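Trainee: The structure follows.
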Amino acid sequence: MTEGIGDAWRRASQRIARLDARLLLEQVCGCTHVDLIAHPERKLLAAEASQFDVLVERRAVGEPLAYLVGSAFFYGLEFSVSPAVLIPRPDTEVLVEQAKKRAQTYAAPRIVDLGTGSGIVAIVLARLCPSALLTAVDVSVAALDVARRNATRYGAQIRFLPGDWYAPLDAERFDLIVSNPPYVADGDPHLLQNGLPFEPQQALTDGTRDGMACIRSIIEGAHPHLLPGGCLLIEHGYDQAVKVRELLKAAGFSDVDSWRDSAAIERVSGGCLP
Ligand code: GLN
């Protein structure tokens with residue numbers, strides 16, 4: 001005989017955070033928080049009980065909750081995620097905010113999101129700027145599948161292209177290039193913490209000592225893909241703003257600036273062509 005959902009929740013809460021236990025239980029049983037409180041005696045089916053035990057164990061060894069429930073929130077919206085994509089970070093909201101500001105100065109801005117992952121940046125921009133023409137690129141076909149699913153869910157019209165940074169864009173030019181590339185330095189101890197070992201390493205680190213290789217490629221390759229007056233906005237690591245601004249200036253960008261995330265860390269830098 002399996003236990004009731006109330007007992008299962010209590011037992012799992014001794015192994016993992018109470019909130020995580022609740023969300024996993026709701027996922028497995030298709031029940032709500034109210035059910036857990038009002039009907040704690042409801043029995044789990046045997047299959048639910050064993051599935052729940054497996055998920056609790058996976059969470060206990062550090063697998064991110066987002067992968068276990070298959071979704072995460074960004075900018076107030078729920079997105080599908082899988083281990084093929086990074087879990088959305090609130091840090092990335094500043095990239096969206098700055099992109100929105102620039103996009104709103106155009107009637108129908110042409111925007112490309114390089115390394116779209118789960119598609120969150122492109123999809124939120126599509127919702128904030130309904131007239132924008134959006135393209136999203138990722139080298140990972142598995143990531144593009146997740147991004148397409150998310151775009152469909154929100155009715156976002158986005159052209160998805162597989163490939164490495166600018167490679168699939170031929171000679172096309174845009175008003176705005178946005179990117180949240182891999183920028184964590186190889187060997188950064190953060191890569192071993194907070195569930196990062198479960199995330200796609202190619203989305204987190206470029207494998208270089210300063211984590212700047214992808215950022216450099218994106219900045220140095222931007223010019224032929226920007227329309228006159230076009231802008232590039234790029235997310236980067238907590239200690240990379242100065243270097244990113246230098247690279248932007250060296251590549252001929254003006255109005256080079258950086259913007260802080262909610263933790264007051266310079267998280268996004270950008271500039272525009274004259
Ligand atoms: N900000 C993320 C982290 O610190 C990294 C995201 C990225 O590499 N683009 O985990």
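The values are calculated or read from the model by the stated rules, or taken from the named source; none is laboratory data. These numbers were taken from a predicted model, which means no experiment stands behind them. Quick reminder, even Gly has a Cβ in these numbers, built from the backbone with ideal geometry, and neighbours come from all protein chains shown. Just the protein is used for accessible areas: all its heavy atoms, side chains included, with ligands, DNA and RNA removed. Shrake-Rupley method; radii C 1.70, N 1.55, O 1.52, S 1.80 Å.
Trainee: Tell me which residues, restricted to the stretch 226-274, are without any contact (Cβ under 8 Å) to a residue 24 or more places away in the chain and out of contact with any Cys (no Cβ under 8 Å at 6 or more places or on another chain).
Mentor: Those that are without any contact (Cβ under 8 Å) to a residue 24 or more places away in the chain and out of contact with any Cys (no Cβ under 8 Å at 6 or more places or on another chain): ASP239, VAL242, GLU246, LYS249, ALA250, VAL256, ASP257, SER258, ALA264.
Trainee: Turning to a different aspect of this structure: For ALA66, indicate whether it is closer than 22 Å to GLY195 by Cβ and without any contact (Cβ under 8 Å) to a residue 40 or more places away in the chain.
Mentor: yes
Trainee: Quick one: which residue in SER50, SER13 is open to solvent by less than 40 Å² (accessible area, probe 1.4 Å), more than 30 Å from ASP239 (Cβ to Cβ) and among the hydroxyl-bearing types (Ser, Thr, Tyr)?
Mentor: Matching residue, one of SER50, SER13: SER13.
Trainee: Of the residues in the stretch 262-271, how many are open to solvent by 10 Å² or more (accessible area, probe 1.4 Å) and hydroxyl-bearing (Ser, Thr, Tyr)?
Mentor: Residues that pass the stated criteria total 1.
Trainee: List the residue pairs whose Cβ atoms are under 9 Å apart, where the first residue sits in the stretch 182-198 and is of a type in the set (S, T, N, Q), the second is within 12 Å of the ligand (Cβ to nearest atom), and the two are 6 or more positions apart or on different chains.
Mentor: Close Cβ pairs (under 9 Å, with a partner that is within 12 Å of the ligand (Cβ to nearest atom)) amount to ASN194/PRO64.
Trainee: Does ALA132 satisfy the condition of being of a type in the set (A, V, I, L, M, F, W, C), away from the ligand (no atom under 16 Å from the Cβ), surrounded by 14 or more Cβ atoms within 10 Å (Cβ to Cβ) and under 18 Å from PHE79 (Cα atoms)?
Mentor: no
Trainee: Let me ask you something else. From the residues in the stretch 91-115 that are open to solvent by less than 10 Å² (accessible area, probe 1.4 Å) and within 16 Å of the ligand (Cβ to nearest atom), which one is nearest to GLU199 (Cα to Cα)?
Mentor: THR92
Trainee: Exactly one condition in (1) open to solvent by less than 20 Å² (accessible area, probe 1.4 Å); (2) over 30 Å from VAL121 (Cβ atoms); (3) touching a Leu at 6+ places or on another chain (Cβ under 9 Å) is false for GLU3; which is it?
Mentor: (1)
Trainee: Somewhere in the stretch 227-248, is a residue under 27 Å from LEU65 (Cβ atoms) and away from the ligand (no atom under 11 Å from the Cβ)?
Mentor: Scanning the stretch 227-248, I find no residue that is under 27 Å from LEU65 (Cβ atoms) and away from the ligand (no atom under 11 Å from the Cβ), so the answer is no.
Trainee: What are the pairs with Cβ atoms under 7 angstrom where one residue, in the stretch 78-95, is over 16 Å from ALA143 (Cα atoms) and the other, located anywhere, is within 12 Å of the ligand (Cβ to nearest atom) and open to solvent by 30 Å² or more (accessible area, probe 1.4 Å)? Sequence gap at least six, or different chains.
Mentor: Cβ pairs passing all conditions: THR92/ASN180; LEU95/ASN180.
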